[in-house]
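Q: Take this structure, written in structure tokens, and hold onto it; I'll ask about it next.
The values are calculated or read from the model by the stated rules, or taken from the named source; none is laboratory data. Every value quoted in this text rests on a predicted model; they were computed, and no experiment measured them. Neighbour counts run over all protein chains shown; Cβ positions are idealised from the backbone, glycine included. Heads up: the accessible areas ignore ligands, DNA and RNA and are worked out on the full protein's heavy atoms, side chains in. Shrake-Rupley method; radii C 1.70, N 1.55, O 1.52, S 1.80 Å.
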Amino acid sequence: MIREPVHSANNDSTQRICIGIIVGAHGVRGLVKVKSFTATPKDLGAYGPLTDLSGSQVFDLEIAGRVKGAILCRIEGVNDRSAVDALKGQRLYIDRNALPCPDHEEEFYHSDLLGLPVFFPDGTKVGTVGALYDFGAGDVLEIRGDTGGAAMIPFTRKTVPTVDIASGRVVVNPVPGLLEAPVAQATDSRDHPPRGKKKPPIRDHESVIRTDEWPEEDWH
């Protein structure tokens, strides 16, 4: 299963999910360090050859070991450190259809949430799920308004009590100062002073979330 958040790409009717990224070389003989986004890191090699985002470049991985924070792999055709360095930062993708179905009813992939309508508990339409981010303090859910605008709330059980993939809906609780009404385009930027420079959102990785494992505490 995939555990980190998510960038998916549709290309020629195929949705691809990022399940790892090449982070560097290990030694001088072509061993590759890969950060795996699978729940069990060594499962990175369990889905067969991986590809780049377009699907045109194929990477045939063989798991060779493990170091802190990464899996060691051999990639066919990559035989020395300079070849590995040329691939540093390369994201590794798998077709969405090749991923296993979640094991539990309350388990889902982040990509399954994108585009779902979002409601308050009283049935009021809030917007739709636009993205999930990870700024380092826990997952954050972005909700986009039907007429523009966006709001971000912590993705915890308290703020997002219901994710119903089968029915295609997400229920959120109002969050003072963050989400108190349906999301709408701001009419006057002076009413929304800047909060400082944002970190770039991390959209690239797929995630599996167990709702019974969501944190109870608020995100800060």
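Q: Quick check: net charge around residue 66, other residues with Cβ under 13 Å of its Cβ, Lys/Arg +1 and Asp/Glu -1?
A: Working: positive: 33, 35, 42, 68; negative: 43.
That sum, taken over residues with Cβ under 13 Å, equals +3.
Q: Here is a follow-up. Report, in cubic angstrom per residue, the convex hull volume of the C-alpha atoms of segment 99-185.
A: Numbers: hull volume 9.1 nm³, N = 87.
Convex hull of Cα atoms, per residue: 105 Å³.
Q: Shifting gears a bit: Assign one of three labels to segment 42-156, namely rounded, prolate or oblate, based on the Cα gyration tensor with a ≥ b ≥ c the square roots of its eigenvalues; rounded applies when a/c is under 1.5, prolate when it is not and a/b is larger than b/c, and oblate otherwise.
A: In terms of gyration-tensor shape, prolate.
Q: Taking a probe of 1.4 Å, how large is the accessible area per residue of segment 62-146, in Å²?
A: 51
Q: Tell me the carbon and sulfur percent of the accessible area for segment 50-162, rounded to whole percent, probe radius 1.4 Å.
A: Summing carbon and sulfur atoms, their accessible area is 46 percent of the total for segment 50-162.
Q: May I ask you to derive the FRET efficiency for residue 56 and residue 85 from their Cβ-Cβ distance with R0 = 25 Å, giving the value to the nearest 0.05?
A: 0.75
Q: Counting only C-alpha contacts under 8 Å and six or more residues apart, can you give the relative contact order of segment 95-170 as a whole percent?
A: 23
Q: Let me ask something additional. Could you tell me the relative contact order of segment 30-89? Use alpha-carbon pairs under 8 Å, at least six residues apart, and round to a whole percent.
A: Computed over segment 30-89, the figure is 41 percent.
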